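The values are calculated or read from the model by the stated rules, or taken from the named source; none is laboratory data. Computed from a prediction, not measured in an experiment: that's the story for all the values here. Every residue, glycine among them, receives a Cβ derived from its backbone with ideal geometry; neighbour counts consider all protein chains shown. What goes into the accessible areas is simple: the full protein's heavy atoms, side chains included, and nothing from ligands, DNA or RNA. Shrake-Rupley method; radii C 1.70, N 1.55, O 1.52, S 1.80 Å.
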Amino acid sequence: PLAPTVKNFTLNFTITNLQFTADLQNPNSRRFKSTEKVMYHYVDPLLQRSSIGPAYIGCKVMAFRFTKNRDDTGVDAMCSCRDEPSDPKFNRATVYRELSKMTNGVTKLGHYSLNSQSLYVNG
């Protein structure tokens with residue numbers, strides 16, 4: 001049998017109650033690492049409950065970025081899921097809708113507030 005292939009997709013959103021600071025740009029900084037851990041704590045369970053859940057492998061925060069509003073922080077993550085016939089097919093529109101619903105219309109992620117226009121799923 002063929003080994004399952006892996007499908008990568010990007011997940012981007014903006015947190016409106018996390019002020020961007022220079023140490024969030026440094027993947028080795030304590031602030032980057034602790035914020036990254038919190039992201040996994042919130043994002044992983046959401047994706048596991050989504051339609052791709054059984055095929056979901058995980059996400060890696062690639063960057064926290066500066067946005068026009070200095071009080072906001074953009075989050076860029078690379079996520080992966082298995083792409084084999086028995087697994088649910090990745091459909092970015094479906095995943096977007098499900099994440100939107102699970103984040104209260106893209107407004108809440110745990111104790112973080114989100115910019116409701118900022119969620120982007122690209123596959």
Residue among SER29, SER34 that is small (Gly, Ala, Ser), without any contact (Cβ under 8 Å) to a residue 40 or more places away in the chain and open to solvent by 20 Å² or more (accessible area, probe 1.4 Å): SER34
Residue check for SER113: closer than 23 Å to PHE32 by Cβ, outside any helix (DSSP H, G or I) and among the polar types (S, T, N, Q): yes
Residue, modelled with the highest pLDDT, within segment 66-87, restricted to residues that are open to solvent by less than 40 Å² (accessible area, probe 1.4 Å) and in a loop (DSSP other than H, G, I, E, B): ASP72
Segment 44-61, residues that are touching a residue at least 24 places away in the same chain (Cβ under 8 Å) and part of a strand (DSSP E or B): TYR56, ILE57, CYS59, VAL61
Close pairs (7 angstrom Cβ cut-off, 6 or more residues apart or separate chains): closer than 11 Å to ALA55 by Cβ in segment 87-100, open to solvent by less than 70 Å² (accessible area, probe 1.4 Å) and part of a helix (DSSP H, G or I) anywhere: ASP87/ALA55; PRO88/ALA55
